[in-house]
Amino acid sequence: MRNTIMRTTFAILLLCITVTGSGQSKDPKAIALLEEVSTKTKAYKSIKVDFTYTMENTKAKINETKSGTLLISGDKYKMSASGQTVICDGKTIWTYIQESNEVQINTLDNKDDALTPSKLLTSYNANYKSKMIKSTEPGIESVELIPNTSKNFTKAILGIDKVKKQIRSFTLFDKSGNTFTYKIKTFLTDIPVTNGDFSFDEKKFPDVEVIDMR
C-alpha cells in the first residue's frame, strides 16, 4: 500500500514537472502555454525540486502535509518522501523503505513506462483536455486539465510561473472527495549529477534487507 502511494505521488509530481499540452483542447492559449513549458523543460539536462504535498478531505476531517525531493536527469530519477526513496537508473528501480530498512529491486518494464519523464512528455498530450482559468495567485497562470477517459479523478489544476514558464503547483481532485495539492518550493536546473546519484549503494545502509524481485 505504501509503495502504491509513493509511486502515485511520483507519477503525479512528474506530471507536474514535465506536463505538455493537449491536442484535443479547444483553448489555443492553454495549448501554447503548456507546449512552451514542455519545450523548456525538455531542454534541461537535470532538474531538482523540493516540494510539499497536502491531502485534504473536508468531510473526513483530513488535512495532512508532507515534504520531499526529486532529482531527474533524462529517464533517471531519485525521489525521497514519507520515509521512502525511489531510485531509477533507466533500467532498474530500487525502493528503499526506511522504517523496515529494506530495499525492493525491480526491473523497469512496460508497466513502469508511465513513470519515466520522456514517456510523460510524449504521451501526456493525448490524455487530457486543457483550458485557461482565472488564477488566484499573482504571477501565476492557471490551467485546468480534464481527463479524456474515465479516471479516479475528475480534474487537475496547474499553476505556472508566468515569467519562468515552470510548474509551481498541481492540484488533483479525486472522485472520493480528496484534494491533493503539490507545491514546488525550489526548482533548480542543470545541476551536476553522476551515475551514482541514480543507483542504490547497499554499503551505505548497514544490515539492509534486500528483496530482489527481478
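Brief remarks follow.
- Virtual spin-label span in nm between Leu188 and Thr69, 7 Å along Cα→Cβ: 0.7 nm
- Debye log10 I(q)/I(0) at q = 0.17, 0.20, 0.21 Å⁻¹ for region 141-214, Cα point scatterers: -0.85, -0.88, -0.90
- For Lys155, the residues 5 or more places off, or on other chains, whose built amide H falls under 5 Å of its own are Phe173.
- Candidate cross-link partners of Lys165 among the lysines, defined by an alpha-carbon separation under 19 Å and a same-chain spacing of 8 or more, comprise Lys29, Lys40, Lys42, Lys45, Lys48, Lys131, Lys134, Lys183, Lys185.
- Ordering of 85-96, 195-206, 167-178 by packing is 85-96, 167-178, 195-206, highest average first (other Cβ atoms within 10 Å, averaged per residue).
- C-alpha center-to-center spacing [region 152-200, region 57-72] in angstrom: 13 Å
Since every read-out is calculated from the coordinates, none of them should be taken as a lab result. The shown structure was predicted, so the numbers you read here are calculated from the model rather than taken from an experiment. Here Cβ is always computed from backbone atoms with ideal geometry, including for glycine, and neighbour counts include all displayed protein chains.
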